[in-house]
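The values are calculated or read from the model by the stated rules, or taken from the named source; none is laboratory data. Quick caveat, the model's predicted, so the values are computed rather than measured. Glycine also receives a Cβ, built like all others from the backbone with ideal geometry; neighbour counts cover every protein chain displayed.
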Amino acid sequence: MMDPESLLVGRPNLGNRQVFDRLVEGMFERRWLTNNGPLCKALEQKLCEYLGVRHCIPVCNATIGLQVACHALGLTGEVIVPAFTFVATPHSVTWEGLKPVFVDIDPVTHLMRPDKVEAAITPRTSAILGVHAWGRACIPERLQEIADRHGLQLYFDAAHAFGCKHAGRMIGNFGRCEVFSFHATKFFNTFEGGAVATNDDELAAKIRLMINFGFAGLDHVVHLGTNGKMSEIHAAMGLSCFEVLDEILEVNRFHYENYRSQLASLPGVRFCDYDDVEQSNYQYVAIEIDPAGAKVTRNELMQKLHDQNIMVRRYFYPGCHKMKPYATNDPTPEGGLPETDRLCDRVMLLPTGTGVSEEDVTKVCQAIATALCPKALSFK
Ligand code: T4K
């Protein structure tokens with residue numbers, strides 16, 4: 001475990017404590033702790049209203065949500081995914097006995113490139129799994145058009161994208177379904193947790209069965225299933241987080257803009273910008289360090305910051321295609337993934353969220369500026 005006293009990427013945003021305590025008190029009184037209890041149902045209703053989606057089924061984490069989605073969609077053979085993602089994305093596919101096929105990303109947006117997706121389609125491909133990296137919508141219209149033209153399913157890993165909008169619609173409404181993560185480190189958290197959002201009644205019914213062992217009633221199993229349920233205490237945390245969602249968004253945006261104004265003009269620093277037309281949750285402050293301009297590599301800079309207890313992270317290093325289960329079983333596709341490799345060597349996430357203060361952000365910025373421009377005494 002990292003030193004909790006450090007400045008950390010991923011320090012949780014907490015819900016309203018009074019609301020959480022009240023909900024937990026009621027949970028103890030009812031002695032109803034899990035299995036689609038009243039708090040879980042209330043959370044689902046709130047999620048649906050907030051996202052404007054017909055179903056948003058709470059699950060125990062996004063990884064299980066992705067596996068169940070993959071199973072419920074009846075996927076076979078190969079699924080196209082970016083390698084620039086958390087390893088849970090390809091794991092969810094592999095766990096279901098399918099092959100994730102990695103494609104390269106756009107260096108500016110960090111999202112899958114549609115031309116690369118199309119080039120990776122084979123007769124064995126059954127689906128495209130887009131990832132909304134840093135909460136940016138993974139070009140849903142373009143991917144939907146490709147999926148439709150090739151008779152493929154499209155679904156999304158929306159782990160980063162709760163509270164984000166694309167073209168006026170909340171993320172959660174695209175593809176066959178979208179899977180959110182409500183892990184402690186996310187914009188909106190339930191300690192551990194997630195949800196599968198869909199506007200498809202039939203798919204939702206299948207997912208509900210599958211996350212509860214396939215039970216359609218007492219003693220009545222009609223489907224292969226697993227245990228993907230969200231417990232009541234997790235749902236209580238989610239309900240308490242709804243109370244402070246606007247506050248979290250405001251703090252995230254403030255930190256993001258503060259970082260930008262202090263760092264964007266430093267040599268070799270590039271921000272992954274958010275499009276103002278879209279709505280972002282600003283949960284990720286991702287910067288790229290170009291060693292030619294910065295005169296240090298990302299790794300050297302990261303080490304300097306770690307030495308000062310500023311625990312920046314190099315998500316997603318080294319890229320899923322270079323991680324053992326994929327690097328050994330399934331070498332990088334022909335031509336490699338040059339943009340993914342380049343980004344994995346450059347990207348760095350900075351601490352943000354309600355657990356980080358304005359002074360903390362200034363401290364991080366000063367440490368970065370000192371590392372990149374040791375002689376720039378004018379930096380405040
Ligand atoms: N798809 C994508 C694109 C994802 O990013 C993720 C998860 C998933 C799917 C799967 O979602 P889940 O199945 O988890 O719902 C962390 C999170 O565990 C993981 O949820 C997240 N993405 C990933 C990007 O980050 P690690 O291995 O980096 O965790 P760890 O223990 O190093 O903690 C991360 C940082 O947060 C550290 O700086 C410490 C800090 N932290 C963490 C926790 C849990 C705290 O300050 N307090 C805490 O309570 O994976």
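Numerical summary
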| item | result |
| --- | --- |
| One residue from A88, A69, A42 being touching a helix residue (DSSP H, G or I) at 6+ places or on another chain (Cβ under 9 Å) and near the ligand (Cβ under 10 Å from one of its atoms) | A88 |
| Filter pass, G175 being within 20 Å of E243 (Cβ to Cβ) and assigned to a loop (DSSP other than H, G, I, E, B) | no |
| Check on A195, touching a Cys at 6+ places or on another chain (Cβ under 9 Å), closer than 29 Å to N281 by Cβ and either touching a residue at least 40 places away in the same chain (Cβ under 8 Å) or surrounded by fewer than 18 Cβ atoms within 10 Å (Cβ to Cβ) (or both) | yes |
| Residue in the stretch 201-217 that is touching an Asp or Glu at 6+ places or on another chain (Cβ under 7 Å) and either within 15 Å of the ligand (Cβ to nearest atom) or farther than 13 Å from A69 by Cα (or both) present | no |
| So N199, is it touching a Lys or Arg at 6+ places or on another chain (Cβ under 7 Å) and over 21 Å from Q153 (Cα atoms) | no |
| One residue from G26, G97 being more than 16 Å from the ligand (Cβ to nearest atom), at pLDDT 95 or above and on the phi > 0 side of the Ramachandran plot | G97 |
| The lone exception for G238 - which of (1) small (G, A, S); (2) part of a helix (DSSP H, G or I); (3) free of Cβ contacts under 8 Å to residues at least 24 places away in the same chain it fails | (3) |
| Residue, surrounded by the fewest Cβ atoms within 10 Å (Cβ to Cβ), within the stretch 147-162, restricted to residues that are within 16 Å of the ligand (Cβ to nearest atom) and among the small types (G, A, S) | A159 |
| Which numbered condition K363 misses (of (1) surrounded by 14 or more Cβ atoms within 10 Å (Cβ to Cβ); (2) part of a helix (DSSP H, G or I); (3) without any contact (Cβ under 8 Å) to a residue 60 or more places away in the chain) | (3) |
| Residue within the stretch 54-66 that is of a type in the set (S, T, N, Q), at pLDDT 95 or above and within 16 Å of the ligand (Cβ to nearest atom) present | yes |
| Complete set of residues in the stretch 137-172 that are charged (D, E, K, R) and either within 10 Å of the chain's Cα centre (by Cα) or farther than 29 Å from D246 by Cβ (or both) | R142, E145, D148, R149, D157 |
